[in-house]
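The structure appears below as structure tokens.
All of the numbers you see were taken from the coordinates with simple rules; none came from a lab. Not measured: the values here are computed from a predicted model. Don't worry about glycine lacking a Cβ; one is built from the backbone with ideal geometry, like all the others, and counts go over all protein chains shown.
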């Protein structure tokens, strides 16, 4: 089956070409069929590959040599192992569900735009597959850039709206900043190790590079991860990415794109394990991002913005997990997060669809009876993300927090605070949307979405509910953490390096679990009660609320300290340096040539005798010159 | 005769030719001066050829080395004869058009 893995990215790519090139010819249903079936085939192959890997048949598939310069050989190769097979399943599986959902959600688009949408969506899946399958950092980088491009294309899908285009540009620029870090790290690795292939680099460690060099490389890689996975300081593009259609948000947040950074660090686990400073940077950045984004989410009124900040916050948890050495926990959280975040976004899309593109929570309320399926599935999603046992979010978040506790109790306390905030803002969203009185002033009654939407929601809800059982902690049952056993070979070399932390005793763990669950439950009950009585008010937000509603003014800060000085510099260069410097120099050259040729023209008198004289004099001079030079 | 005599003669002939071309305005005289320069060069060529041949004969009595230029000169003369006929034809045409053979009339190259 390993030999067939090259087909996994090929199918979505074929779908992209078909739908993209024939967008004016194909009907909507044909495009939908192509888009969904290509990803579905990729999913089926991924399943076979996964079962092969489960039997221990992992390996590398080299297709051809991509770059060959002197001693540096970069093959176009796929690495199929435990880590990439898990990601393959998440990407193609959730990606497929989102494709199916999109066929219904994007139904109002005209057929050529519909085809454009699906071709981008397929390209997105293709890029992400390339990213996780690549056996070296260069192939990974191709996918890395690919997802950046696709996010730009899809965020700016409605390209007639300037604001959406700006959001797309913002995403692209932010990602480019991060990509630069990644690129520097790749060059550094070539200089240090002479190769970019994962296995070759890891074979040279430890000892192949000093801790300082490894710290530099890992920090550069981490800059790349902050861009792609929306961490401080490059997170602001993700909430703006809500400009794209809702299924695109689901795709970006759940299956593709933002998990790239987590995957990359998990893949480079040995590099990070040998660079403790980088681990601390990763953990602290993750923690701060988790808290900051969670506080912003508290006061957002746009349903998609709340979910966007919640993603940033959850990604922060994953980085916290990576930073404290809980690589399995981070990958586990990627998986469960893919399920419930896709569910929440698609549910939100269903609500938006039902409410005729109204996205403001303040105009929702009482939708429980109009959207029964959406309501139940969203409730499961909210409970899962809040971390209520036995839903999936509970297990993965708990694993990260326990490891954080073992590493440093402060991480745990702050992380738990973030988890409480998560519970609060998710149930604020839930209560304002589904409970209370109807505040919808539209004339159309809300209606439940078509089957392509509700079926997908139900499947994702089931996955969100049971997905956590892949990683039951040892606390509950001996050796029941299947994911950990499965992923163990990937992390086996970094595990001994990180084993210095004492795992907390079972009593402590029970206590921590009990306290966090009780607190989260209390928050949920309280939030539900207070926000189900929510009434619209026109009162201006004051104090800290205003600060949170305005997202800590981070956008304004970036505008002030980066964008405005840059614009001023650009203006200075444009008006002063260009106009009076470069332009004058260039025009001067032109004027000089035309002036001198006007003078030189007078030499041409037209008199033959003159020409002959000049010729004779010139020949004599040349002969003199030749003699002068030679003798 | 020493080679220097030939060289002096050729230089004098060539200089007369150049001076004539530069100073005279009658097209026919200019033309004759050009021929003079051509023949000065021919003379020089034959002289050097003879010199080379004489040197080669010292070591090998049957050699023809160095005598090629004697043949070249005939070619040059033939080409010069052809050139003269073309040149004179141009001058005749010029006279038919402007009733003069002064080369200062040939100042139309400007436009």
Subject >> Amide N of segment A:266-293 lying under 20 Å from the label point, which is placed 7 angstrom from the Cα of residue A:177 along Cα→Cβ >> reply: A:281-293
Original post:
To the nearest 0.05, what FRET efficiency results for residue A:142 and residue A:529 with a Förster distance of 56 Å applied to their C-beta separation?
Top reply: 0.65
Subject >> Cα convex hull of the protein assembly as shown, projected area averaged across orientations, nm² >> reply: 55.1 nm²
Subject >> Protection proxy ranking, peptides B:85-91, A:317-323, A:369-375, A:526-532, average beta carbon neighbours within 10 Å, highest first >> reply: A:317-323, A:369-375, A:526-532, B:85-91
Subject >> Burial ranking of peptide ranges A:104-113, A:244-253 (average Cβ count within 10 Å, highest at the top) >> reply: A:244-253, A:104-113
Subject >> Alpha carbon centroid spacing (whole Å) that separates segment A:58-107 from segment B:77-96 >> reply: 84 Å
Original post:
Using alpha-carbon pairs under 8 Å, 6+ residues apart, how would you state the relative contact order of segment B:3-110 in percent?
Top reply: 27 percent
**OP:** Take the alpha-carbon positions of segment A:281-430, form their convex hull, and give its projected area averaged over all directions (one quarter of the hull surface) in nm².
**Re:** 7.8 nm²
Original post:
Mind checking the mean number of beta-carbon atoms from other chains within 10 Å of the Cβ atoms in B:19-26?
Top reply: 2
**OP:** Work out how much length residue A:573 to residue A:587 would gain on full extension: take 0.36 nm times their residue separation and subtract the Cα-Cα distance, in nm to one decimal.
**Re:** 3.3 nm
Original post:
Going by how many other Cβ atoms sit within 10 Å of their own, how do A:226, A:259, A:575 line up, fewest first?
Top reply: A:575, A:226, A:259
**OP:** Please give, to one decimal in nm, the separation of the simple spin-label points placed at residue A:493 and residue A:455, each 7 Å out from Cα toward the Cβ.
**Re:** 4.5 nm
**OP:** Could you calculate the FRET efficiency of residue A:113 with residue A:503 from 1/(1 + (r/R0)^6), where r is the beta carbon distance between them and R0 is 51 Å, rounded to 0.05?
**Re:** 0.45
Original post:
For chain B, what class follows from the C-alpha gyration tensor (a ≥ b ≥ c being the square roots of its eigenvalues): rounded when a/c is under 1.5, otherwise prolate if a/b is larger than b/c, else oblate?
Top reply: prolate
Original post:
In peptide A:607-617, what is the residue-averaged number of other protein chain Cβ atoms found within 10 Å of each Cβ?
Top reply: 4
**OP:** Label segment A:170-304 by shape, choosing from rounded, prolate and oblate, from the square roots a ≥ b ≥ c of the eigenvalues of the Cα gyration tensor; if a/c is under 1.5 it is rounded, and otherwise prolate applies when a/b is larger than b/c, oblate when it is not.
**Re:** prolate
**OP:** Partner chain Cβ atoms within 10 Å, averaged over the residues of A:124-135 - can you pull that number for me?
**Re:** 0
Original post:
Rounded, prolate or oblate: which one fits segment A:557-630, using the alpha carbon gyration tensor with axes a ≥ b ≥ c (rounded when a/c is under 1.5, else prolate when a/b beats b/c, else oblate)?
Top reply: oblate
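FRET efficiency for residue B:93 and residue B:68, Cβ-Cβ distance as r, R0 = 35 Å, nearest 0.05?
With a Förster radius of 35 Å, E is 0.40.
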**OP:** Starting with the highest mean, order A:406-418, A:284-296 by the number of other Cβ atoms within 10 Å, averaged over the residues of each peptide.
**Re:** A:284-296, A:406-418
Original post:
Hey, what number do you get for the protein assembly as shown at 222 nm if only DSSP H runs of n ≥ 4 count, each worth -39500 (n - 2.57), divided across all residues, to the nearest 500?
Top reply: -23500 deg cm²/dmol
